[in-house]
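Below is one structure; the comments refer to it alone.
Every read-out reported here was derived from the displayed coordinates using simple, explicitly stated rules and does not represent laboratory data. Please read these numbers as outputs of a predicted model, since none were measured by experiment. Methodologically, a virtual Cβ is constructed for each residue, glycine included, from the backbone with ideal geometry; neighbour enumeration extends over all protein chains shown.
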Amino acid sequence: MVIGMGLVLIGVLALLVAGAWGLRSLGRSTAATEAHLHDPHTSTVAYVVPEGQDPVPLMAELSLSGFVSVVDTSGGAERLLVECSPAQRSQVREVIGHVAQRDIDGTVLPAARVRFEDEA
């Protein structure tokens with residue numbers, strides 16, 4: 001009985017250590033991606049996420065299309081910073097435009113022209 005409890009305790013501790021290690025690796029990976037996208041030498045576009053919209057579906061669709069993105073909240077607005085070459089801007093615009101624009105409560109928002117932060 002005591003041996004069994006000891007094995008369970010060791011198993012739980014091993015799972016906790018593995019989980020902590022995994023979270024640490026994920027944090028490092030996210031930090032490295034953010035640093036790369038904020039590097040002035042990395043070609044990016046910034047899309048201001050409309051207030052009330054969840055950026056995660058946009059990030060998921062961009063990722064499926066081969067684009068790396070992060071949420072950036074510098075300057076007070078929530079925006080997506082997307083790595084792309086100047087030639088890929090229209091493709092990023094198309095991906096963002098085709099994602100269903102939904103409010104926090106699930107309401108479909110009217111389609112709007114996708115503009116990047118550096119556009120008038």
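Observations
- Considering only 76, 19, 11, the Gaussian network model of the chain with Cα springs below 10 Å gives its largest mean-square fluctuation to 11.
- Karplus 3J(HN,Hα) series, Hz, for the range 78-87 with 6.51 cos²θ - 1.76 cosθ + 1.60 (x for Gly, Pro): 8, 9, 9, 9, 10, 7, 6, 7, x, 6
- Relative contact order [Cα under 8 Å, 6+ residues apart], the range 43-120, whole percent: 38
- Built amide H within the under 5 Å cut-off of residue 44, gap 5+: 84
- Computed extension length for residue 36-residue 12: 5.0 nm, one decimal, from 0.36 nm per residue of separation with the Cα-Cα distance subtracted.
- With only the Cα atoms considered, the chain has a convex hull volume of 158 Å³ per residue.
- Here the Gaussian network model covers the chain, with springs between Cα atoms less than 10 Å apart; of 45, 95, 56, 56 fluctuates the most.
- Whole-Hz ³J(HN,Hα) from phi, Karplus 6.51 cos²θ - 1.76 cosθ + 1.60, for the range 110-120, glycine and proline x: x, 5, 10, 5, 7, 10, 8, 4, 8, 9, 6
- Taken as entire DSSP H runs, the helices of the chain that both span 18 Å or more between Cα atoms along their own long axis and average -0.5 or more on the Kyte-Doolittle scale are 2-38.
- For the chain, the Cβ-based charge dipole about the Cα centre amounts to some 340 debye (Lys, Arg positive; Asp, Glu negative; other atoms uncharged).
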